[in-house]
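A.B. asks: Shown below is the structure under consideration.
FYI, it's all coordinate maths here, none of it is from the lab. Being a predicted model, the structure only gives us computed values, none of them experimental. We place every Cβ from the backbone using ideal geometry, glycine too, and count neighbours over all the protein chains shown.
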Amino acid sequence: MENKLSNNILLDKEDKFPAGIYGIPHAENIPAEQETIDPVTGLYNKKYGRIAAIRMGTDNGGQLVFSAVIGIINYDTLLKNYGQAFCDALIEEAAVIIRSAFNDKCVIYRSAADEFVAVVLTDSRETAEPVIKKIITDIENIYADSGITIECAAGANIRTGDDHFEILSRKTHLAAETAKRFRSKYTGFVFYDDAENDGYIAHGMGSLHRDAEIKPEKRNSADNSELISFAFKIFEKTADFDAAVNAFMSRVGRVLNMNRILIFDVSHSYYTINIAYQWHSKEMAPIEAKKFSPDKTRFEIIERRMLMNDFLPSDRAAYEKYAVSEKGVVSGAGAAYSFPMFNGEHLIGCTVFELNDIAADEDMLRCLNRLTGIVSAHYTKSKTSRESRAKSEFLSKVSHEIRTPMNVIIGMTQIALSGEGLSAETADCLRKIDRASHYLLSLINDILDMSRIESGKMTVEETYINLDELLDGIDTMIRVQTDMKNIFLKVDRDIPRPHLMGDPLKLNQILINIMGNAVKFTSKGGITLSISESPVYSAGKTDVTFKITDTGIGISEESIDKIFNSFEQADEKIARKYGGTGLGLSISSSLVGLLGGKLQVKSKLGEGTEFFFTIPMKITVPAENKEPVSSAEIDFSAKRLLIAEDDELNREIIGTLLGKQNIAAELAENGKEALEMFERSEPGYYDAILMDIRMPVMDGLEASKKIRELSRPDSKLVPILAMTANAFDEDAQHSAECGMNGHLTKPIDMNKVMEALVRVLS
């Protein structure tokens, strides 16, 4: 059966309104185009689509009129995940599919952001049904090869021309809503009378996955420039590159009548060429093989040819032999062209366009070259972002796995050291274990800091700083180290305005890192920290300059350039002697950059080193002096804590350490058990909750949300502190979003635990 219905009465982009069709006004009465046409699809908008549909039904009284509502039911999710540009591209492709299904008398219009209406003169319900079902399948599979799910549903109704259009429209929409909800029963499509007889009127639905059939439209002279504009828009406005590239390939393939589009990624390290993305028309078979490995000689020949040309006739035989023949045509009759993709002068891949026509003219070749350049620029950014994200995720997992046993080592060491009757030798061993554990923890923190900086997740805060107090703290900390080495520490201050706005944690980290290095490499003489302020230069700001000078071993001229590189140190012999990751100065340099300065160095081998930097800071007034609450002011013996921790040893450690502070602790093995214990307790029974994040059955974030949602007086008020090996800034943010009052990272430092408890219980 030929599944075509009536003549497609549409607005042509150049004609505004077809003259005289179903009561649409002629000539001087024609409204402005923007008032009648949906700008994305070129179809009628809702207002004028309904006018045309009503008139069509009136003019054809006595004939059967078929009405269908076709909706994309996960449109809001797609909009949230991929952006407006992607959704506009999807809607335009859907309009092409709907438009190509009808070729006689009909009216098609866009009735909502995610919805189309088709009103068609038809012979019978049996003629109409398969057409709409095919439309649903084709829309759902516009981007099926990419794994992007589009969920679509349609409802339909039939009436004679004498029935009122409003009744037909209302019943059709109700049928569409029913098809959405009862997806498993109706597979996304239902007639109103079927749903009414079953007693169903509602919404919701699943999805299908088959090959979409998109009929090529006739090209005109504006298509190339429109495609280039579309490419810029879809890549700039769509946050997800995978979604953008699939929308891009689908549009280019349809408009330029392509058989296939392939995007290859080139690896110079392994001499491989990998298919990163592909699109194919319904007739063509997909390419199954994802990676090709020519020998080095062949790879270099391909690379040289690419570097010397804007495009090349594609070696289609190299990949067509991997086409899945049972799924379509293996090789097309048209020409195929390969365009190189560059990152600067570096070849990173190529895009292959297989045409359905015999050959491309010069105008099309220029267009394809421009399109490849746009893809190339955004592919490079996307690849860098993916690699950075993968690295951050890997380091986060590694951090969690290392911190969990580290918590056991440090916690058990603290418990052992607090015991009585230790021999001097045992106590010495335990203190050395404790120092080594904290040193290992500092290395882990360095790696995580570097990861946050490289991924762009390190942010700068602007809070109150009393520079005198910050320097006093650094003086106290570093002086312990300099006294142990019998070297001097001098702090020179020229800071008439010590009350400033900035990021005290990062500034403290920078100074501790650099001065700690200075102590490490100085055995005679000492270290001088100098701080000075410039005059106020604008809007209450000043430049604060920090200089750290030592009389240590110094740095050779040839090594100065690499000391700020990650994982590098000035000299391999020095690295073996003094240890370290080689990240301290790299992190400090990056942090200074985040604060608006530049870390610089002067040094001479054997004579010492000077690091210096200047950062702009706002001048403010002294913060209100509030006496901090002391732990001595809180009676912890009257407090009871609920501890959620899945690791048995960690439960034992935190329970024992809290017991030494006279705090009663009740233990839960996972978030679900903690939630149930809290629900069973009397209001106010627990004074606070310490909640691990990663736990089986129910994690800490979910448990915290559910506690906050309980309808009891203390559910919103009880303090919940995250106690976790998840140490990234975004982990602390997730904790806060789930209703937690603080974020303690493992290994657990009892001083920080007590500080947090004092804060939330005071």
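A.B. asks: Full-extension gain between Asp561 and Thr149, please, as 0.36 nm times their residue separation minus the C-alpha to C-alpha distance.
C.D. replies: Details: separation 412, 0.36 × 412 = 148.32 nm, distance 5.04 nm.
Gain in length upon complete extension: 143.3 nm.
A.B. asks: Report the extension gain between Met501 and Lys321 in nm, rounded to one decimal, defined as 0.36 nm multiplied by the number of residues separating them, less their alpha carbon distance. All intermediate terms of the calculation are to be shown ahead of the outcome.
C.D. replies: Numbers: separation 180, 0.36 × 180 = 64.80 nm, distance 6.51 nm.
Stretched fully, the Met501-Lys321 segment lengthens by 58.3 nm.
A.B. asks: If you don't mind, another one. Is the shape of region 223-386 best called rounded, prolate or oblate, per the rule: a/c under 1.5 gives rounded, else a/b larger than b/c gives prolate, else oblate, with a ≥ b ≥ c the square roots of the Cα gyration tensor eigenvalues? Write down the numbers at each step before the final one.
C.D. replies: Working: a/c = 1.33, a/b = 1.04, b/c = 1.28.
Rounded, since a/c falls under 1.5.
A.B. asks: May I ask you to order 600-607, 732-739, 694-701, 490-497 by the average number of other C-beta atoms within 10 Å around their residues, highest value first?
C.D. replies: Working: 600-607: 14.0, 732-739: 16.2, 694-701: 18.6, 490-497: 12.4.
Peptide ranking by packing, descending: 694-701, 732-739, 600-607, 490-497.
A.B. asks: Under 8 Å for C-alpha pairs, at least 6 residues apart: give me the relative contact order for region 463-619, rounded to a whole percent.
C.D. replies: On the way: 300 pairs, mean separation 38.5, N = 157.
Computed value for region 463-619: 25 percent relative contact order.
A.B. asks: Could you give the length gained on full extension between Arg298 and Glu709, defined as 0.36 nm per residue of separation minus the Cα-Cα distance, in nm? Intermediate values should be presented prior to the final figure.
C.D. replies: Numbers: separation 411, 0.36 × 411 = 147.96 nm, distance 6.37 nm.
The Arg298-Glu709 span can extend by a further 141.6 nm.
A.B. asks: Give me the distance in nm between label points sitting 7 Å out from Cα along the Cα-to-Cβ direction at Ala333 and Leu649, one decimal.
C.D. replies: 7.2 nm
A.B. asks: Quick check on my link table: of Lys490/Lys520; Lys133/Lys233; Lys80/Lys171, which ones sit more than 21 Å apart, alpha carbon to alpha carbon?
C.D. replies: Working: Lys490/Lys520 16 Å; Lys133/Lys233 32 Å; Lys80/Lys171 30 Å.
Pairs exceeding the cut-off: Lys133/Lys233; Lys80/Lys171.
A.B. asks: Further question on the same structure: Considering only the other residues whose Cβ falls under 11 Å of the Cβ of Leu79, what net charge follows from Lys and Arg at +1 and Asp and Glu at -1? Please report the intermediate quantities before stating the final value.
C.D. replies: Numbers: positive: Lys80; negative: Asp76, Asp88, Asp114.
Local net charge: -2.
A.B. asks: My understanding is that a pair violates if its Cα-Cα distance is over 28 Å; which of Lys485/Lys547; Lys134/Lys237; Lys290/Lys327 do that in this structure? Display every interim value, and only then the final one.
C.D. replies: On the way: Lys485/Lys547 21 Å; Lys134/Lys237 31 Å; Lys290/Lys327 17 Å.
The pairs that break the limit, which is 28 Å between Cα atoms, are Lys134/Lys237.
A.B. asks: Calculate the spin-label point distance for Asn60 paired with Lys524, positioning each point 7 Å from the Cα along the beta-carbon direction, and give it in nanometres.
C.D. replies: Label-label distance for Lys524 and Asn60, simple model: 10.3 nm.
A.B. asks: While we're looking at this one, here's another question. Compare the peptides 316-326, 337-347, 510-520 by average per-residue count of other Cβ atoms within 10 angstrom and give them in order, highest first. Don't skip to the end; give the middle numbers.
C.D. replies: On the way: 316-326: 14.7, 337-347: 17.2, 510-520: 21.6.
The packing order, highest mean first, is 510-520, 337-347, 316-326.
A.B. asks: Just to confirm a number: summing +1 for Lys and Arg and -1 for Asp and Glu over residues other than Arg497 whose beta-carbon lies under 15 angstrom from that of Arg497, what do you get? Intermediate values should be presented prior to the final figure.
C.D. replies: On the way: positive: Arg493, Lys541, Lys618; negative: Asp468, Glu469, Asp494, Glu533, Asp543.
Combined, the nearby Lys, Arg, Asp and Glu give -2.
A.B. asks: Which of the peptides 405-411, 306-312, 93-99 is most tightly packed, and how do the rest follow, going by the mean number of other Cβ atoms within 10 Å of each residue? Can you show the working numbers first?
C.D. replies: Values: 405-411: 20.0, 306-312: 14.7, 93-99: 22.4.
For the peptides 405-411, 306-312, 93-99, the packing ranking is 93-99, 405-411, 306-312.
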